[in-house]
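The values are calculated or read from the model by the stated rules, or taken from the named source; none is laboratory data. Computed from a predicted model, the values in this text were never measured in an experiment. Positions of Cβ are backbone-derived with ideal geometry, glycine not excepted, and every protein chain shown enters the neighbour counts.
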Amino acid sequence: MNLYIFNETRYGAIYGVGTYIRELTATLKNSDINICMIHLFSDRTKIYAEEIDGIKYWFFPAPLSGQQQHQEQWEIYHRNIVYLLQLHIQDKKNLIFHLNYNQKGQLAEELKKVFDCKIVVTVHYLSWCLKLSGNVTRFRKILASEVNVQLDDVTNTIEESYQLEKTLFEKADHIICLSENTRQILQDDYQIEPDKIAVIYNGLIDRNSISDKLKLRQKYHIPDVPVFLFAGRLDDIKGLKYVLWAFKKMLKTQSNCHFIIAGNGAFDIYMKECEDIWMHVTWTGMIDRERLYDLYSIADIGVMPSFHEQCSYVAIEMMMHGVPLIASTTTGLKETVEDGITGLHVPVIEYNDRAEINTDLLAEKILYLLQNPDERQRMGTNARKRYETVYSSEIFRKNMLDFYHSLYE
């Protein structure tokens, strides 16, 4: 079996795609599948190929680097990529092309024209979720709008991206969803046949180490008080402002706690929310994985009030480290964190024009776990068990191998 995994250098780190591809290639090593990574829009100036640890890597330069591309130019680019693949792929038996970015219907079509192959798409995100903060109620109202109604720019963008995604999903032979929630949306709103869709949760290699929490806190000069942690982009879609508002309210009841925020983004916007409580908050910016994992070991509670997650690697990392998680009920996050078992849920409230989180309720949930260490311990233990039985690399490897093999049975 010959598997070609598509990545895009310009977007490789966003939406967890880069992590997904890294974990996928790592877990498929020493299997009966030949793997080739195809990097589109590479910053290299010419086509380049190399092989590392039995995996081939092909890099295709971006067209007209630095300039805005039009749809016609994208079509030419993808057509040329397929032409080059046709020249370079020698073993054309049992071909699988695994796409990881939405709105690639034209690429899928060109591949099907030239190769006897299977097209697989993993849905890492849905464009409307990012634009509408995961508000499925508003999304469905937009899709149901009358043709003669004058549409605003946001509505037009949503409808255009929806049509492009739907085209890709229809052209694909099989679709991998990272949550049951997304599977249901593809069936109900994109009208995709159920037998084309598989739900396979993300998996991570176990990198948890038994660390002395007190020594780690001393290493990073973290006070010996309850610590809760936010990790991710400083972005509206991650809901950080709701945590900061809740934290201010919570400090009025319990002041001996500390909040660590790990990630890059719009610091100026979010730091304004910390006026008068700066001494209770640590901002790390972007940090490497080793230090981030140290913070997981330090943290007593994780907080994820996101408005859109498919199968969050941050949530999986926290569970790997036995951290109980307070999470929103958005998209896939609701099924990742089990309410009352591995953490606590905070509902996302959907309106016709926005989505919000109740900060009073969020503050109550944080306070509850801060004031009940036995519950924290129980949920943290359960979180670790859930990682081992659902999100480990061994489970991910088995699920992906079974899936690929089923395509040619």
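Listed values, structure above:
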read-out	value
Answer from K131, K93, K166, K141 - the residue that is among the basic types (K, R), under 22 Å from the mean Cα position of the chain (by Cα) and modelled with pLDDT under 95	K131
Every residue from the range 177-220 that is over 23 Å from the mean Cα position of the chain (by Cα) and among the aliphatic types (A, V, I, L, M)	I210, L214, L216
Among the candidates N256, N264, residue that is within 17 Å of the chain's Cα centre (by Cα), surrounded by fewer than 17 Cβ atoms within 10 Å (Cβ to Cβ) and more than 19 Å from N202 (Cβ to Cβ)	N264
The listed residue being at pLDDT 90 or above, over 26 Å from the mean Cα position of the chain (by Cα) and closer than 17 Å to V120 by Cα, out of M37, M1	M1
Residue satisfying all of: in the range 330-339; at pLDDT 95 or above and in a loop (DSSP other than H, G, I, E, B); surrounded by the fewest Cβ atoms within 10 Å (Cβ to Cβ) among these	E338
Some residue of the range 385-396 being assigned to a helix (DSSP H, G or I), in the same structural domain as E309 (by TED's automatic domain parsing), more than 20 Å from the chain's Cα centre (by Cα) and in contact (Cβ under 8 Å) with a residue 12 or more places away in the chain	no
Within the range 1-61, strands (runs of 3 or more DSSP E) holding 3 or more residues that are touching a strand residue (DSSP E or B) at 6+ places or on another chain (Cβ under 7 Å) and touching a residue at least 40 places away in the same chain (Cβ under 8 Å)	2-8, 34-42
Filtered residues of the range 110-146 (kept if of a type outside the set (D, E), in a helix (DSSP H, G or I) and touching a His at 6+ places or on another chain (Cβ under 7 Å))	C129, L130
The range 229-255 residues that are closer than 17 Å to K272 by Cβ, paired with ones that are among the aromatic types (F, W, Y) and assigned to a helix (DSSP H, G or I) (beta carbon under 6 Å, 6 or more apart)	L234/Y270; L240/Y270
Those residues of the range 238-247 which are touching a Ser or Thr at 6+ places or on another chain (Cβ under 6 Å) and either farther than 16 Å from Y313 by Cα or surrounded by fewer than 23 Cβ atoms within 10 Å (Cβ to Cβ) (or both), in sequence order	G239, Y242, W245, A246
Failed criterion for H221 (all others in (1) assigned by TED's automatic domain parsing to the domain that holds P324; (2) more than 19 Å from T336 (Cα to Cα); (3) in contact with a Phe, Trp or Tyr (Cβ under 6 Å, 6 or more places away or on another chain) hold)	(3)
Search result, residues across the range 163-172 that are part of a helix (DSSP H, G or I) and out of contact with any Asp or Glu (no Cβ under 8 Å at 6 or more places or on another chain)	Q163, L164, E165, K166, T167, L168, F169, E170
Hey, D206 touching a residue at least 12 places away in the same chain (Cβ under 8 Å) and under 24 Å from F396 (Cβ atoms) or not	yes
Wholly within the range 194-308, helices (runs of 4 or more DSSP H) carrying at least 1 residues that are of a type in the set (K, R)	213-219, 240-251, 289-298
Pairs, first closer than 18 Å to A363 by Cβ in the range 305-330, second part of a loop (DSSP other than H, G, I, E, B) and small (G, A, S), C-beta under 7 Å, six or more apart	P305/G239; S306/G239; S328/G239; S328/S306
Number of the exception - L107 against (1) of a type in the set (A, V, I, L, M, F, W, C); (2) within 23 Å of Y83 (Cα to Cα); (3) not in a helix (DSSP H, G or I)	(3)
Residue identified as over 16 Å from V303 (Cβ atoms) and in contact with a Leu (Cβ under 6 Å, 6 or more places away or on another chain) among A246, A266, A198	A266
Conditions (1) modelled with pLDDT under 90; (2) farther than 13 Å from V120 by Cα: number failed by K104	(2)
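Residues are listed down the side, and each one gets a yes or a no for (1) in a strand (DSSP E or B); (2) surrounded by 14 or more Cβ atoms within 10 Å (Cβ to Cβ); (3) modelled with pLDDT under 95:
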{"residue": "M319", "(1), (2), (3)": "no, yes, no"}
{"residue": "I326", "(1), (2), (3)": "yes, yes, no"}
{"residue": "I341", "(1), (2), (3)": "no, yes, no"}
{"residue": "L344", "(1), (2), (3)": "yes, yes, no"}
{"residue": "N352", "(1), (2), (3)": "no, no, yes"}
{"residue": "R376", "(1), (2), (3)": "no, yes, no"}
{"residue": "G380", "(1), (2), (3)": "no, yes, no"}
{"residue": "Y404", "(1), (2), (3)": "no, yes, no"}
